[in-house]
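Below is one structure, written out as structure tokens; the observations come after it.
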Amino acid sequence: MNSSIKVAIVTGAGSGVGKASALALLKDGWRVVLAGRRQAPLDEVIAESGQSDHALAVAADVSDEASVKTLFDATVEKFGRIDLVFNNAGVNAPGIPLEDLTLAQWKNVVDINLTGMFLCIQAAFRVMKDQSPRGGRIINNGSISATTPRPHSIAYTSTKHGVSGLTKSASLDGRKYDIAVGQLDIGNAATDMAMRMAKGVIQANGEIAVEPLMDVNIVGQSLVYMANLPLEANVMFHTVMATKMPFAGRG
């Protein structure tokens, strides 16, 4: 394998931030493995990129340990190594009062947003510490909710606060293996998941307000910047957001 080739895994790559990030990495010359629960959207992103020789679609459920292993094994088999993992896959729960949230709804968010990210970090460590050249980079999708909650978001916010703990711990534990771990906190990128902002969402004071959105491709630019740093440098936390969205105090 040519040592100048850079290989990335992007989870949740079939739409939204994951799609934009996978396309940005492919445009920048990376080999990219696109992961998601459904094969068809992944194939569509690769077709849109026009770089099928540099991409691989793998249907994977990040909350399932065996599925994560299959994803990482397929990446190494196809491209020989892993230089970057963008842990982007995530889900939300219904925006309802916390006392009405079911245990099943809570567990689904925890399983994907937190446990799934842990499994991918663990799998990345196992590959990166033993490959040559050694090391790599892991970037976790934290969200603005890793810092500041919205009303009716206890499951999502709790897991995203947990992601910050994963980032800090993995960054510390990765030092000895030349693994850099950082976090990308995104606010109001224009994706299907965020389009409700344009229709009006509940604010901290109980009012309903329309919120500004930003082009999702800006997130791809941020990811490429972080990804291309030499391993001697790390952006541990990077926030990219719509300039006029509520954030500080959610106001």
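The values are calculated or read from the model by the stated rules, or taken from the named source; none is laboratory data. These figures come from a predicted structure and were not determined experimentally. For neighbour counting, all protein chains shown are included, and Cβ atoms are generated from backbone atoms with ideal geometry for every residue, glycine included.
A few remarks follow.
- If you go through the range 202-251 and keep only what is outside any strand (DSSP E or B), under 27 Å from Asp28 (Cβ atoms) and of a type outside the set (A, V, I, L, M), you end up with Asp215, Asn217, Gly220, Gln221, Ser222, Tyr225, Asn228, Pro230, Glu232, Asn234, Thr243.
- Sole exception among (1) over 19 Å from Asn87 (Cα atoms); (2) of a type in the set (A, V, I, L, M); (3) surrounded by 15 or more Cβ atoms within 10 Å (Cβ to Cβ); (4) within 23 Å of the chain's Cα centre (by Cα) for Val201, by number: (4)
- Looking only at residues in the range 113-124 that are surrounded by fewer than 24 Cβ atoms within 10 Å (Cβ to Cβ) and under 14 Å from the mean Cα position of the chain (by Cα), the one that is nearest to Asp178 (Cα to Cα) is Ile121.
- Count - residues of the range 1-30 that are among the basic types (Lys, Arg) and under 17 Å from Asn88 (Cα atoms): 1
- Tallying residues that are crowded, with 19+ Cβ neighbours inside 10 Å, in contact (Cβ under 8 Å) with a residue 60 or more places away in the chain and under 19 Å from Asn234 (Cα atoms) within the range 125-149 yields 5.
- Search result, residues across the range 139-168 that are of a type in the set (Lys, Arg) and modelled with pLDDT of 95 or more: Lys160, Lys168
- Every residue from the range 18-40 that is more than 17 Å from Gly116 (Cα to Cα) and assigned to a helix (DSSP H, G or I): Lys19, Ala20, Ser21, Ala22, Leu23, Ala24, Leu25, Leu26, Lys27, Gln39, Ala40
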